[in-house]
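Below is one structure, written out as structure tokens; the observations come after it.
The values are calculated or read from the model by the stated rules, or taken from the named source; none is laboratory data. Just so it is clear, the model here is predicted, and its values are computed rather than measured. Don't worry about glycine lacking a Cβ; one is built from the backbone with ideal geometry, like all the others, and counts go over all protein chains shown. Note: areas computed on protein heavy atoms with side chains; ligands, DNA, RNA excluded. Shrake-Rupley method; radii C 1.70, N 1.55, O 1.52, S 1.80 Å.
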Amino acid sequence: MALVPMRLMLDHAAENGYGIPAFNVNNMEQIQAIMQAAHETDSPVILQASRGARKYAGENFLRHLILAAVETYPHIPIAMHQDHGNEPATCYSAIKNGFTSVMMDGSLEADAKSPASYEYNVEVTKEVVKVAHALGVSVEGELGCLGSLETGMGEAEDGHGFEGKLSQDQLLTDPDQAVDFVLATQVDALAVAIGTSHGAYKFTRKPTGEILAISRIEEIHNRLPNTHLVMHGSSSVPEDLIAVINQYGGTIPETYGVPVEEIQKGIKRGVRKVNIDTDNRLAITAAVREALAANTKEFDPRHFLKPSIKYMQKVCADRYQEFWTAGNASKIKQESCEIYAAKYSKGELDATAAKSPATV
């Protein structure tokens with residue numbers, strides 16, 4: 001089976017009450033770790049690549065690495081997702097290169113740094129949806145800017161993230177505006193701003209409702225029960241991995257990520273896609289530092305790359321279990337983008353909002 005649209009997986013996740021971790025990939029070892037974990041746990045897979053990853057690996061290399069995963073694990077549904085597309089052209093080039101899902105992040109302007117107007121966000125996202133859906137490709141949008149409620153600051157990742165300090169209104173997705181946005185754009189999934197941010201340095205203390213607004217997810221889900229919500233910046237930043245890194249020469253200060261139990265609350269309230277990158281970076285770094293320190297005479301890259309796969313595989317397998325993804329890959333009937341193009345054309349997948357009590 002070829003790659004499948006992400007909407008296929010998210011619909012199944014919604015029907016069965018689980019979330020799907022979306023792991024960022026840059027190279028072969030990361031893809032192998034994710035796929036081994038997915039095979040071990042019978043989990044569907046979202047492999048996502050940022051603009052930085054596409055530039056680093058090269059379009060052809062990245063595409064063929066993911067196609068190799070499809071060929072090696074034909075029983076596992078796999079979606080190939082563009083993470084944080086900064087403008088329509090980025091999304092179109094991803095579709096041209098075989099991506100079955102794209103994110104048009106219109107919360108920022110094309111420079112991926114400046115907060116955009118709501119009108120701009122609607123315009124560019126709607127444009128991408130029209131093209132993508134005609135080809136059966138899924139679309140994720142974003143409303144609100146990803147950043148810390150604790151500091152008001154963002155954390156750029158791969159060159160994507162706002163600069164400066166924003167107000168709480170800009171850092172939290174407004175439920176009313178979310179309804180208008182989804183109905184206007186017809187996105188398949190909506191990334192919401194609730195206080196999470198990219199990178200390892202998310203919070204200076206264990207997050208509470210003051211700096212991690214899980215309740216906002218429930219408000220939006222109640223208004224948009226059929227729209228798949230997405231949590232970005234959702235790495236948990238495991239203390240044991242930081243300890244290994246620092247034991248072997250690293251200097252990562254004390255920091256807190258998003259607790260797994262908070263993500264689970266989000267999943268129970270409508271989150272279907274959970275973006276994770278930092279946890280896997282930490283796992284790889286811990287494995288490499290440990291392996292190099294264990295044998296300082298070793299110069300074969302496989303000496304430290306093989307354990308990096310093992311460490312990252314464990315993180316991925318843990319998330320598949322913790323998000324209740326495990327056991328669902330074999331239950332999903334794989335369908336092509338061509339089939340989904342027909343569904344979009346017939347209006348079968350149109351976004352709708354919950355009726356208010358006054359209109360029931």
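Brief remarks follow.
- Here each label is just a point 7 Å from Cα along the line to Cβ, and for Asn222 and Lys310 those points are 4.9 nm apart.
- Percent carbon-and-sulfur accessible area, the stretch 280-335, ignoring ligands, DNA and RNA, probe 1.4 Å: 55 percent
- FRET efficiency, His303 to Thr255 (Cβ-Cβ, R0 25 Å, nearest 0.05): 0.30
- Distance between the pseudo-spin-label points of Lys333 and Asp240 (7 Å out from Cα toward the beta carbon): 4.1 nm.
- For peptides 262-269, 11-18, sequence by mean Cβ density within 10 Å, most packed first: 262-269, 11-18
- Evaluated at q = 0.07, 0.15 Å⁻¹: base-10 log I(q)/I(0), Debye formula over Cα of the chain: -0.27, -1.34
- Three-way shape label, the stretch 202-339, alpha-carbon gyration tensor, a/c 1.5: oblate
- From most to least packed by mean Cβ count within 10 Å, the peptides 329-339, 216-226 give 216-226, 329-339.
- Three-way shape label, the stretch 1-111, alpha-carbon gyration tensor, a/c 1.5: oblate
- Partner lysines whose Cα lies under 28 Å from the Cα of Lys297, excluding those fewer than 8 positions away in the same chain, are identified as Lys306, Lys310, Lys314.
- The dipole here belongs to the chain: it is taken about the Cα centre, uses +1 on the Cβ of Lys and Arg and -1 on the Cβ of Asp and Glu, and is about 680 debye.
- Just the protein heavy atoms count here, and of the accessible area of the stretch 81-137 at 1.4 Å, carbon and sulfur take up 55 percent.
- Distance from the alpha carbon centroid of the stretch 51-108 to that of the stretch 285-360 works out to 13 angstrom.
- Charge dipole magnitude, Cβ of K and R +1, D and E -1 - the stretch 274-340, Cα centre, debye nearest 20: 220 debye
- Between Ala2 and Asn16, the contour length at 0.36 nm per residue exceeds the alpha carbon distance by 2.7 nm.
- Projecting the Cα atoms of Gly327, Ala293, His232 onto the charge dipole of the stretch 201-357, computed from C-beta unit charges around the Cα centre, puts Gly327 farthest toward the positive end.
- Net charge contributed by nearby residues that have their C-beta within less than 15 Å of Arg269 (K/R +1, D/E -1): +2
- The relative contact order of the stretch 4-119, computed from alpha carbon pairs under 8 Å that lie at least 6 residues apart in sequence, is 25 percent.
- Dipole of the chain computed with +1 at Lys/Arg Cβ and -1 at Asp/Glu Cβ about the Cα centre; of Ala68, Gly266, His133, farthest Cα towards the positive end is Ala68.
- About the centre of its Cα atoms, the stretch 205-360 shows a dipole size close to 360 debye [charges on the beta carbon of Lys, Arg (+1) and Asp, Glu (-1) only; nearest 20 debye].
- Residues of type aspartates and glutamates that Lys346 reaches as a straight line, Cα spacing below 16 Å, ignoring anything fewer than 8 places off in the same chain: Asp188, Glu338
- Entry note, the chain: the mean residue ellipticity at 222 nm calculated from DSSP H runs of n ≥ 4, each adding -39500 (n - 2.57), is -14000 deg cm²/dmol after division by the residues and rounding to the nearest 500.
- Computed FRET value (nearest 0.05) for Asp350 with Tyr120, which takes r as the C-beta separation and R₀ as 30 Å: 0.80
- The chain: antiparallel DSSP beta bridges as a percent of all, rounded to 5: 10 percent
- Here the peptides 173-186, 227-240 are ranked by packing, the mean other Cβ count within 10 Å, and the order with the highest first is 227-240, 173-186.
- Per residue accessible area of the chain, 1.4 Å probe, in Å²: 42 Å²
- Of Ala354, Cys145, Thr90, farthest towards positive along the dipole that unit charges on Lys, Arg, Asp, Glu beta carbons give the chain: Thr90
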